[in-house]
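Note sheet for the following structure.
Rule-based calculations on the coordinates, nothing more; no lab input. Only a predicted model underlies this, so the values are computations on that prediction, with no experimental measurement involved. Ideal geometry is used to build each Cβ from the backbone, glycine not excepted, and the neighbour counts take in all protein chains shown.
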Amino acid sequence: MRLRDEVEATLRSWDAYERERGTTPIIDYDCHPAADPAEPAASRLHVLTTLQRLYHARGDQADDPIGPRLRADIAYLRALLGERVPLAEYIGQTQGCGSAGWPQEYVARREADARASVERLGVAWGADTLDHLAEREGRLAPDEAPDAIRRAAVELEPIVRKMVDTDAPFNLSIEAANIDAYWAYWLDGSGTNARLRLNLRHAQFTQVQARVFALHEVLGHALKGASYAERCTAEDVPWVRVLSVHAPQQVLLEGLAQALPLFVIPDDEQVVARIRLAHFTQLVRAELHLAVNLGATIEDCADLARSRVPFWSNEDIADTLTDRSVSPQLRSYLWSYPAGIDWFVSLAEEGGPSTNEVLRAAYRKPLTPSDLAALWPSGPTIGGPGTR
């Protein structure tokens, strides 16, 4: 059995083990689903031994698509087993990028961008910003959201397909969930079939957000996953064909999905305001991610959050800190949001000729941060240049 296939078989057995136990799955999108379900692994320790053997079996390769993925899986599994390495090491091993963060001056500039975009819509910056913004955008009842998202996806799909050069078909199902988890929207899938779940406990639905999430979840994640699956059917790709949020393609997936409206509908002021707001708040979440993992007190973290984002509740702040410090998965995965959105917003603003190349490449294979940097060498440092 070739190395890639043995890695995939190991990851599928690990995924089956976690699902059988009712714990967090390992695979979020399977680009080349197997005909038969995998047998669950014997234990996490058994999986760790196998992954380490496969890593050492790679040999020396100048262009190694397997090594970064195996490093991420091994680091994440060791964290699940209780090992807690310093954040910079853990992010580097899993997400494949740095975690130096961004200077306060830069965060303040992005705050000014967000405030200006929101205020141009007639919404004041303060404790009620999100409520007033939702009223301005046109609230939707939860049962209206799936149709609104589908309509927006149908309208925008031809633009995205032309931009990223893909004709891959996909099938989308939308389900409602009510889960005590950080996420409001989650997409997973297999082959050409994608499932979007809307978490009614946290999701807020407006006409504008329907356009944002049509681009993010449907034309960002589902179309990209289906494009990878189509390529995996057409040719024998060298990379691991199962995607996991703790692995280094996630900076691409979450970064481009969040920033995609800036490439597709840059003249839609309401949508752009949402992206500017998301960019700024992700940078603040990054500040908190670093602070809580580097020994800051909870009181200091909460004070920082309140000073930056007046419309966050105490519950928002508490969940942000807990998610980024307690869960091995989220301690890695949630860094992909600020790292990714910052790089792709910068690409939309100043990428020039590199932009088209990056967008097309992004829908052909799951690029790592190193791949992105090679496509746009003059782009910003992924994960930030440092806080000073």
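Side notes on the structure shown:
- Segment N314-R201, length gained on full extension (0.36 nm per residue, minus Cα span): 39.0 nm
- Computed FRET value (nearest 0.05) for H46 with S307, which takes r as the C-beta separation and R₀ as 51 Å: 0.60
- Against the chain, whose longest principal axis is taken from its Cα atoms, helix 269-293 shows a tilt of about 60°.
- Convex hull volume of the C-alpha atoms in region 235-330, normalised per residue: 123 Å³.
- Angle between the chain longest axis and helix 336-350 axis [Cα atoms, degrees, rounded to 10]: 60
- Point-to-point label distance, D131-D147, nm (Cα→Cβ direction, 7 Å offset): 2.9
- In the chain, the longest principal axis of the Cα atoms and the axis of helix 314-325 are about 20 degrees apart.
- With all pairs of different C-alpha atoms in the average, the Kirkwood value for the hydrodynamic radius of region 102-169 is 15.2 Å.
- Relative contact order of the chain, taken over Cα pairs closer than 8 Å and 6 or more residues apart, is 24 percent.
- With the convex hull of its Cα atoms as the shape, region 21-138 has an orientation-averaged projected area of 13.6 nm².
- Theoretical FRET efficiency, 1/(1+(r/R0)^6), r = Cβ-Cβ of E269 and R161, R0 25 Å, to 0.05: 0.55
- For the chain, the 222 nm mean residue ellipticity estimated from helices alone, with every DSSP H stretch of n ≥ 4 adding -39500 (n - 2.57) and the total spread over all residues, rounds to -18000 deg cm²/dmol.
- For region 1-75, the share of alpha carbon pairs falling in successive 5 Å distance bins from zero is 3, 15, 27, 26, 18, 8, 3, 1 percent.
- Span from the region 84-148 Cα centroid across to the region 331-388 one, whole angstrom: 17
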